[in-house]
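Read the structure below first, then the notes.
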Ligand code: C2E
Ligand code: MG
Ligand code: MG
Ligand code: MG
């Protein structure tokens with residue numbers, strides 16, 4: 001009996017692996033043509049200042065709608081694109097279009113910082129700073145209006161090279177933030193050696209801050225450490241007024257989450273922005 005159960009268990013296991021492998025292959029093939037077929041779009045999620053609540057930034061989040069497979073989450077397809085190398089082309093597409101959108105909004109009097117997620121694979125390209133500079137120049141956006149969101153994984157492969165790339169980007173005037181801060185392997189080491197501007201406190205720490213004393217301790221420590229290091233903090237995944245007020249009391253600088261807005265298509269974002277005038281637009285520049 002045990003043998004039989006063991007065997008069917010094994011069969012189940014291999015079936016699951018096969019299913020995963022074939023989904024992977026399906027996505028690789030679909031990704032290869034998705035750019036050409038214009039299946040990608042970008043949604044923008046508002047980032048607000050704690051003080052005053054003004055809109056200060058937008059995070060560009062990639063969206064993929066496949067005609068048969070439907071909407072596929074970036075959490076699923078980004079790792080696939082990284083595996084098969086397509087992330088370089090895809091990442092460049094996101095960067096160009098997000099920068100272009102930021103420029104268009106600027107022309108309409110809506111000045112914000114555009115935050116773009118960067119894969120560690122993109123970050124390993126020695127010509128990344130040149131690519132960023134070229135896109136900013138061609139699209140006409142000042143470097144100070146761009147923020148690159150990196151994960152802690154950037155430091156894992158070749159830390160020295162990552163530091164060099166970051167130094168060049170910093171000299172170009174581009175800001176860099178650490179995404180999902182606290183979930184990676186080398187958070188503190190990163191802070192010491194890298195040109196970091198802002199920490200994005202991962203939403204897994206924010207979720208239970210109202211009730212979980214450990215999460216509260218971790219988030220409070222991150223905010224206070226950032227303050228001492230001269231870094232800004234933004235809380236990700238803020239969903240409730242209670243989380244908002246606790247973060248305010250701790251001195252967190254910025255907020256992002258469903259409490260304020262979900263990621264929105266560009267036109268809906270512009271409507272949202274009209275109701276939350278950014279500070280710079282109010283000054284008329
Ligand atoms: P991320 O960069 O940490 O982005 C935040 C994610 O949290 C987004 O998921 C956003 O929609 C979601 N989110 C925002 N507010 C809330 C909230 O209040 N509650 C909850 N439960 N979730 C919230 P999304 O858009 O599905 O993206 C998932 C991940 O995929 C991103 O995490 C990022 O790592 C990656 N990603 C998305 N677009 C790109 C891209 O253009 N390039 C790269 N390399 N990665 C990307
Ligand atoms: Mg991000
Ligand atoms: Mg994040
Ligand atoms: Mg994430």
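Read the figures in this text as sums done on the coordinates, not as results from a lab. What you see is a predicted model; the values in this text were computed from it and never measured. Cβ placement follows ideal geometry from the backbone for every residue including glycine, while neighbour counts extend to all protein chains displayed.
Some observations on this one:
- Cut-off 20 Å, label 7 Å out along Cα→Cβ of residue 164, residues of segment 114-137 by amide N: 119-134
- Model label sites at residue 275 and residue 22, defined 7 Å from Cα along the beta-carbon direction, differ in position by 4.6 nm.
- Taking the three principal axes of the alpha carbon atoms in the chain, the coordinate ranges are 74, 48, 41 Å, sorted in descending order.
- Euclidean distance of C-alpha centroids, segment 175-233 and segment 41-58, integer Å: 19 Å
- Beta bridges per DSSP with both ends in the chain, % antiparallel, nearest 5: 40 percent
- Helix axis angle, 2-34 relative to the chain longest principal axis, alpha carbon, degrees: 50 degrees
- Helix 87-107 vs. the chain, principal-axis angle (Cα, 0 to 90°, nearest 10): 30 degrees
- Computed lengthening from residue 66 to residue 84, 0.36 nm per intervening residue step minus Cα-Cα distance: 4.6 nm
- Highest-fluctuation residue, 35, 169, 69 considered, GNM on the chain with Cα pairs under 10 Å: 69
- Equivalent ellipsoid dimensions for segment 181-285 as semi-axes, Å, which come from the Cα gyration tensor, largest first: 26, 18, 13
- Top of 18, 54, 275 by mean-square fluctuation, Gaussian network on the chain, Cα under 10 Å: 18
- Folded to 0 to 90 degrees: helix 74-83 orientation relative to the chain principal axis, Cα: 70 degrees
- Note on residue 192 and residue 172: with the Förster distance fixed at 22 Å, the Cβ-Cβ geometry gives a FRET efficiency of about 0.50.
- Gaussian network model of the chain, springs between alpha carbon atoms under 10 Å - residue of 182, 251, 52 with greatest fluctuation: 52
- Label zone at residue 33 (point 7 Å along Cα-to-Cβ), backbone N below 14 Å, segment 64-87: 66-69
- Considering helices alone, the calculated mean residue ellipticity of the chain at 222 nm is -16000 deg cm²/dmol, with DSSP H runs of length four and up weighted by -39500 (n - 2.57) and normalised per residue.
- Straightening the chain between residue 232 and residue 76 buys 53.2 nm, computed as 0.36 nm per residue apart minus the Cα-Cα spacing.
- Residue 268 paired with residue 144, simple spin-label distance in nm, labels 7 Å along Cα-to-beta-carbon: 3.3 nm
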